[in-house]
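The values are calculated or read from the model by the stated rules, or taken from the named source; none is laboratory data. Please read these numbers as outputs of a predicted model, since none were measured by experiment. Because the Cβ atoms are built from the backbone with ideal geometry, glycine has one as well, and the counts that use them run over all protein chains shown.
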Amino acid sequence: MKLQDLDVIVTAPPAPGWGGRYWILVRLTTDTGITGWGECYASSVGPEAMRHVIRDVFDRHMAGESPENIELMFRRAYSSGFTQRPDLTVMGAFSGLEIACWDILGKDRGRPVWALLGGRMNDRLRAYSYLYPLPHHPMREFWTSPEMASEAAAEMVRRGFTAVKFDPAGPYTIRGGHMPGMRDIAVSIRFCKAVREAVGERADLLFGTHGQFSTAGAIRLGQALEPFLPLWFEEPVPPDDMEAMAQVARTVRIPVATGERLTTKGEFAAVLRAGAAGIVQPALGRAGGIWEARKIAAIAETYNAQVAPHLYAGPVEWAANVHLAASIPNFLLLETIETPFHDALIGGGIRVEDGFVTPPDTPGLGIEVDEDLARAHPWSGDGLHLQMQEAPCDHARGNAFQGGAPAREE
């Protein structure tokens, strides 16, 4: 069995667009006719350029190879161009292709992917979600409204979720880390207070940031949030500054989580070695794929750290996250995004029920991608999957940043 054909589909989720502006899906086919699906997470170049990168990585390192030889293909891509260091774009391309190889292997053997990774360690996977507006919430006002957030949190708990995430702390700018203004700190405190009152002891609070603070600013904000006992303080400083993140972790009494913008075991090992985080969040469509993420989980296990696979993408990457989470002993939480489009795109093969996900027993990833649906929603914009704000933090009027891909209205 050899890898033979590649197809790349860029699909754009309909409004409101949870999961980013577009998702890059890849379909691999073997010379025996088995098809596997993968997803490449957001890259720093546009989707049309990524098509060419994905094609080059496949043609150069994978075409004609057995899908079993994942380690060999990874080393080829990792070493490409005389580098042997993480390249965000190349690893993003390879990761999606690697996920598709696992889908092929599972289908060929008639077994779910988790069974090929050491078996099922976890029968039920505890899931969490961002807080999103309820139907009656004004979209633009939701992101700075503690009252609306508390309503959304109560609804998530009613549906069975035992953890909810929100990130009201101000903009993620191209300027790097900044000191949060008192307005942003006050809004963050009000959010935590309102959500904690709404969910009580029934759910954990996950405080999200995206590396937007200086070291001192992250400490200042984190210490203000300690009374509400969040389960984690996510990526409080830029992700490649390990010492700064370690300083935050030593100073703030909230566990630090990080990983969505890191790739390969080398970068995650550096985080753990520095004592910068006790929770790692690999995005499988970027981190190197399922096998590399399995190594990351093993390294984390030696540091007594837990794994919470990241998701701000489509349901194919989510399916890969599910199989990884099912197979590791140090799994913590599974990020989820629930929309009709996410569900329809994978034929309802995997779902959240009462706040938990049951790993599928069907072969491969356990999903059936609706290719016609994916092609019926092509991306036609000129933005990237996620983008940072160019304007600086507004200390005079406050901030109402809606994230890297603001919601679209019908």
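Could you tell me which of the residues TRP18, TRP37 is closer than 24 Å to PRO340 by Cα and part of a strand (DSSP E or B)? Spell out how you get there, then give the answer.
Details: TRP18 fails: part of a strand (DSSP E or B).
When all the criteria are applied, what remains is TRP37.
May I ask you to say which residue of ARG351, ARG375, ARG397 is farther than 22 Å from PRO16 by Cβ, out of contact with any Phe, Trp or Tyr (no Cβ under 6 Å at 6 or more places or on another chain) and basic (Lys, Arg)? Even if it seems obvious, please write down each step before you answer.
Values: ARG351 fails: farther than 22 Å from PRO16 by Cβ; ARG375 fails: farther than 22 Å from PRO16 by Cβ.
None of the other options fit; the residue is ARG397.
Could you count how many residues in the stretch 64-88 are touching a residue at least 40 places away in the same chain (Cβ under 8 Å), within 30 Å of GLY33 (Cα to Cα) and in a helix (DSSP H, G or I)?
Of the residues in the stretch 64-88, 4 are touching a residue at least 40 places away in the same chain (Cβ under 8 Å), within 30 Å of GLY33 (Cα to Cα) and in a helix (DSSP H, G or I).
ALA374 - would you say it is out of contact with any strand residue (DSSP E or B) (no Cβ under 9 Å at 6 or more places or on another chain), of a type in the set (A, V, I, L, M, F, W, C) and either more than 25 Å from VAL157 (Cα to Cα) or surrounded by fewer than 16 Cβ atoms within 10 Å (Cβ to Cβ) (or both)? Lay out the reasoning, then the answer.
Numbers: out of contact with any strand residue (DSSP E or B) (no Cβ under 9 Å at 6 or more places or on another chain): no; of a type in the set (A, V, I, L, M, F, W, C): yes; either more than 25 Å from VAL157 (Cα to Cα) or surrounded by fewer than 16 Cβ atoms within 10 Å (Cβ to Cβ) (or both): yes.
Taking the combined requirement at face value, the residue does not satisfy it.
Kindly establish whether ALA325 is of a type in the set (Gly, Ala, Ser) and within 19 Å of LEU231 (Cα to Cα). Write out each step before concluding.
Details: of a type in the set (Gly, Ala, Ser): yes; within 19 Å of LEU231 (Cα to Cα): yes.
Spelling it out, ALA325 is indeed of a type in the set (Gly, Ala, Ser) and within 19 Å of LEU231 (Cα to Cα).
I need a count of the residues in the stretch 282-319 that are among the small types (Gly, Ala, Ser) and either without any contact (Cβ under 8 Å) to a residue 12 or more places away in the chain or not in a loop (DSSP other than H, G, I, E, B) (or both). Let's see the steps before the verdict.
We begin by selecting, within the stretch 282-319, every residue among the small types (Gly, Ala, Ser); these are 283, 285, 287-289, 293, 297-298, 300, 305, 308, 313-314, 319.
If we keep only those that are either without any contact (Cβ under 8 Å) to a residue 12 or more places away in the chain or not in a loop (DSSP other than H, G, I, E, B) (or both) as well, we get 293, 297-298, 300, 319.
Number satisfying all stated conditions: 5.
Filter the stretch 272-281 for residues that are in a loop (DSSP other than H, G, I, E, B) and touching a helix residue (DSSP H, G or I) at 6+ places or on another chain (Cβ under 9 Å); which is surrounded by the most Cβ atoms within 10 Å (Cβ to Cβ)? Lay out the reasoning, then the answer.
Keep residues of the stretch 272-281 that are in a loop (DSSP other than H, G, I, E, B), which gives 274-278, 281.
Imposing the further condition that a residue be touching a helix residue (DSSP H, G or I) at 6+ places or on another chain (Cβ under 9 Å) reduces the set to 274-278.
Working: ALA274: 16, GLY275: 17, ALA276: 23, ALA277: 30, GLY278: 19.
Checked the stretch 272-281; the qualifying residue surrounded by the most Cβ atoms within 10 Å (Cβ to Cβ) is ALA277.
May I ask you to list the residues in the stretch 249-271 that are in a helix (DSSP H, G or I), of a type in the set (A, V, I, L, M, F, W, C) and buried (at least 20 other Cβ atoms within 10 Å of the Cβ)? Spell out how you get there, then give the answer.
Our first condition is that a residue be in a helix (DSSP H, G or I); within the stretch 249-271, this holds for 249-251, 264-271.
Still in the list and also of a type in the set (A, V, I, L, M, F, W, C): 249, 268-271.
Of everything in the stretch 249-271, those that are in a helix (DSSP H, G or I), of a type in the set (A, V, I, L, M, F, W, C) and buried (at least 20 other Cβ atoms within 10 Å of the Cβ) turn out to be ALA249, PHE268, VAL271.
Could you list, in sequence order, the residues of the stretch 236-248 that are crowded, with 24+ Cβ neighbours inside 10 Å and free of Cβ contacts under 8 Å to residues at least 60 places away in the same chain? Please lay out each step first, then the result.
Filtering the stretch 236-248 for residues crowded, with 24+ Cβ neighbours inside 10 Å gives 236-237, 245, 248.
The answer is PRO236, MET245, VAL248.
Considering only the stretch 91-103, I want to know if a residue exists there that is modelled with pLDDT under 95, out of contact with any Pro (no Cβ under 9 Å at 6 or more places or on another chain) and either of a type in the set (Ser, Thr, Tyr) or assigned to a helix (DSSP H, G or I) (or both).
If we filter the stretch 91-103 for residues that are modelled with pLDDT under 95, which is where we start, we get none.
Looking through the stretch 91-103, none of the residues is modelled with pLDDT under 95, out of contact with any Pro (no Cβ under 9 Å at 6 or more places or on another chain) and either of a type in the set (Ser, Thr, Tyr) or assigned to a helix (DSSP H, G or I) (or both).
Does ALA297 meet the test of being touching a helix residue (DSSP H, G or I) at 6+ places or on another chain (Cβ under 9 Å), among the small types (Gly, Ala, Ser), within 22 Å of PRO329 (Cβ to Cβ) and surrounded by fewer than 22 Cβ atoms within 10 Å (Cβ to Cβ)?
Details: touching a helix residue (DSSP H, G or I) at 6+ places or on another chain (Cβ under 9 Å): yes; among the small types (Gly, Ala, Ser): yes; within 22 Å of PRO329 (Cβ to Cβ): yes; surrounded by fewer than 22 Cβ atoms within 10 Å (Cβ to Cβ): no.
Considered against the rule, which asks whether it is touching a helix residue (DSSP H, G or I) at 6+ places or on another chain (Cβ under 9 Å), among the small types (Gly, Ala, Ser), within 22 Å of PRO329 (Cβ to Cβ) and surrounded by fewer than 22 Cβ atoms within 10 Å (Cβ to Cβ), ALA297 comes out as no.
List pairs: first residue in the stretch 387-410 and farther than 20 Å from MET139 by Cβ, second residue surrounded by 18 or more Cβ atoms within 10 Å (Cβ to Cβ) anywhere in the structure, Cβ distance under 6 angstrom, at least six positions apart or on different chains.
Going by the 6 Å Cβ cut-off, the qualifying pairs are MET388/TYR172; CYS393/GLY170; CYS393/PRO171; CYS393/HIS178; HIS395/GLY181.
For the stretch 225-234, give me each residue that is among the acidic types (Asp, Glu) and in contact (Cβ under 8 Å) with a residue 40 or more places away in the chain.
From the stretch 225-234, those among the acidic types (Asp, Glu) are 226, 234; that's our starting set.
Across the stretch 225-234, the qualifying residue is only GLU234.
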